[in-house]
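Peer 1: The structure is given below, and queries will be raised subsequently.
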Amino acid sequence: MMTLSELAERIGATVRGDGALNVSGLATLANAGPHEVGFLANEKYQSQLQSTQAGAVILRPEHDDAQVVKNALISDNPYLAYAYAAQAFDKAPQQAVEVHPSAVIDPTAKIGEHVAVGPQVVIEAGAVIGDHAVIGAQCYVGHGAEIGAQTRLWPGVKVYYGVRIGERCTLHAGAVVGADGFGWASDRGKWVKIPQLGAVVIGDDVEIGANTTIDRGALDDTVIGSNCIIDNLVMVAHNVQIGDGTAIAGQTGIAGSAKIGKHCLIGGASGINGHITIADGVQVHGMTMVTKNLERGVYASSLPVVDQTTWAKSGARVRQLPELFMRVRALEKKLENPEG
């Protein structure tokens with residue numbers, strides 16, 4: 001519980017109304033109660049201001065109306081203000097700063113100050129855990145791996161040998177960092193494994209979603225820049241490089257040795273070919289298949305949903321394209337040589 005004025009100071013907003021009002025959390029405009037704060041970041045929900053029971057609403061100056069909303073937290077960027085407010089009311093449990101007796105830690109591992117290590121954790125020889133890090137239950141930190149200060153591994157994260165993870169990162173349950181890349185050679189029909197000799201290097205302030213996998217490099221390291229956010233169920237193959245500040249949505253697959261620039265936005269379920277380069281600032285819509293280098297811009301390749309009848313007709317037309325092409329070519333030749 002905090003006052004509206006205290007919350008405004010924490011999120012960089014201006015109070016209009018009763019700054020002494022006690023607020024206990026956040027909720028949607030449709031469901032907020034008199035001691036909760038709603039927010040309006042999308043104009044299509046503006047009509048809900050008329051009926052909301054929220055004690056206060058985070059909104060832009062141009063959407064503020066004292067006749068409609070009794071108390072307001074005014075911000076030029078309501079969605080960013082909402083993000084800071086959510087941090088203020090975050091109820092995620094904090095792990096006790098202790099080493100659980102069931103944890104197995106090699107004597108040569110270096111554990112920093114005020115580190116929390118959960119039940120059944122394994123930390124191998126030569127690993128380094130930074131100050132104030134949190135290693136959740138049943139995590140594995142491999143030989144010589146490094147976990148930066150204030151980084152949190154949620155339960156079940158697996159960090160292979162030699163991986164280096166920066167400070168203030170968050171890895172969610174089931175993430176696997178440093179597994180072998182998909183490297184194989186063929187010897188007369190028999191697959192011969194290519195040992196993956198690189199590692200994975202992750203910068204500071206990176207968040208990696210649940211069950212995401214990041215493979216180690218074949219020779220050079222796989223590199224994830226600082227301040228990247230990677231959603232759940234993303235596949236990052238060996239030797240991929242991802243620039244600072246890039247966001248990648250769920251179920252995206254990135255093939256080996258692809259290079260993605262800084263501050264890119266990659267939509268969900270996209271596929272990115274190996275050995276290509278995507279420039280800084282590129283935006284890729286969901287379900288896009290990227291098969292070539294991309295310069296700065298916005299790209300899309302998947303077709304929007306249509307009703308089944310339209311889809312079936314479109315499919316029939318696609319199958320007719322080769323025949324139509326040949327007919328057009330024949331007509332062009334006839335036009336070029338009308339007497340032939």
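Peer 1: What is the sum of charges around residue 245, taking Lys and Arg as +1, Asp and Glu as -1, for the other residues whose C-beta is under 14 Å from the C-beta of residue 245?
Peer 2: Working: positive: 262; negative: 204, 205, 207, 244, 280.
Spelling it out: positives minus negatives among the neighbours equals -4.
Peer 1: Oh, and also: So what's the back-of-envelope 222 nm ellipticity for the chain, counting only DSSP H runs of four-plus at -39500 (n - 2.57) apiece and dividing by all residues, rounded to 500?
Peer 2: -4500 deg cm²/dmol
Peer 1: Quick one: order 287, 235 from most to least accessible surface, probe 1.4 Å.
Peer 2: Descending order: 287, 235.
Peer 1: With every protein chain present, what accessible area does residue 10 have (1.4 Å probe, heavy atoms only), rounded to the nearest 10 Å²?
Peer 2: Accessible area of residue 10: about 150 Å².
Peer 1: Grab the other residues whose beta carbon is less than 10 angstrom from that of residue 146, score K and R as +1, D and E as -1, and report the net.
Peer 2: Overall, the nearby charge balance is +2.
Peer 1: Right, here's the next one. All other residues with a Cβ under 12 Å from the Cβ of residue 130 taken together, and with Lys, Arg as +1 and Asp, Glu as -1, what is their net charge?
Peer 2: Working: positive: 110, 152, 164, 168; negative: 113, 131, 146, 167, 204.
My count for the surroundings of residue 130 gives -1.
Peer 1: First compute the accessible area of segment 196-306 with a 1.4 Å probe, then give the percent of it belonging to carbon and sulfur atoms. Walk me through the numbers before you get to the answer.
Peer 2: Details: 2720 of 5040 Å².
With neighbouring chains kept in place, the figure for segment 196-306 is 54 percent.
Peer 1: While we're on this one: Going by amide H atoms built from the backbone, whose H comes under 5 Å of the H on residue 284, apart from near neighbours?
Peer 2: Amide H neighbours of residue 284, under 5 Å, 5+ apart: 265, 266, 267, 299.
Peer 1: Starting with the highest mean, order 326-339, 150-163, 265-278 by the number of other Cβ atoms within 10 Å, averaged over the residues of each peptide.
Peer 2: On the way: 326-339: 9.0, 150-163: 22.0, 265-278: 18.1.
Order by mean packing, descending: 150-163, 265-278, 326-339.
Peer 1: Follow-up. Can you give the relative contact order of segment 1-159 as a percent, counting alpha carbon pairs under 8 Å and 6+ residues apart?
Peer 2: Numbers: 379 pairs, mean separation 22.3, N = 159.
Taking the mean separation of contacting Cα pairs over the length of segment 1-159, I get 14 percent.
Peer 1: Sort 84, 79, 299 from largest to smallest accessible area, using a 1.4 Å probe on the heavy atoms of the protein chains. Could the numbers behind the result be given before it?
Peer 2: Numbers: 84 105, 79 140, 299 70 Å².
These residues rank, largest area first, as 79, 84, 299.
The values are calculated or read from the model by the stated rules, or taken from the named source; none is laboratory data. The structure presented is a predicted model; accordingly, all values stated were derived computationally and were not measured. Cβ atoms come from the backbone with ideal geometry, glycine included; neighbour counts cover every protein chain shown. Areas reflect the complete protein model, heavy atoms only, side chains present, ligands, DNA and RNA absent. Shrake-Rupley method; radii C 1.70, N 1.55, O 1.52, S 1.80 Å.
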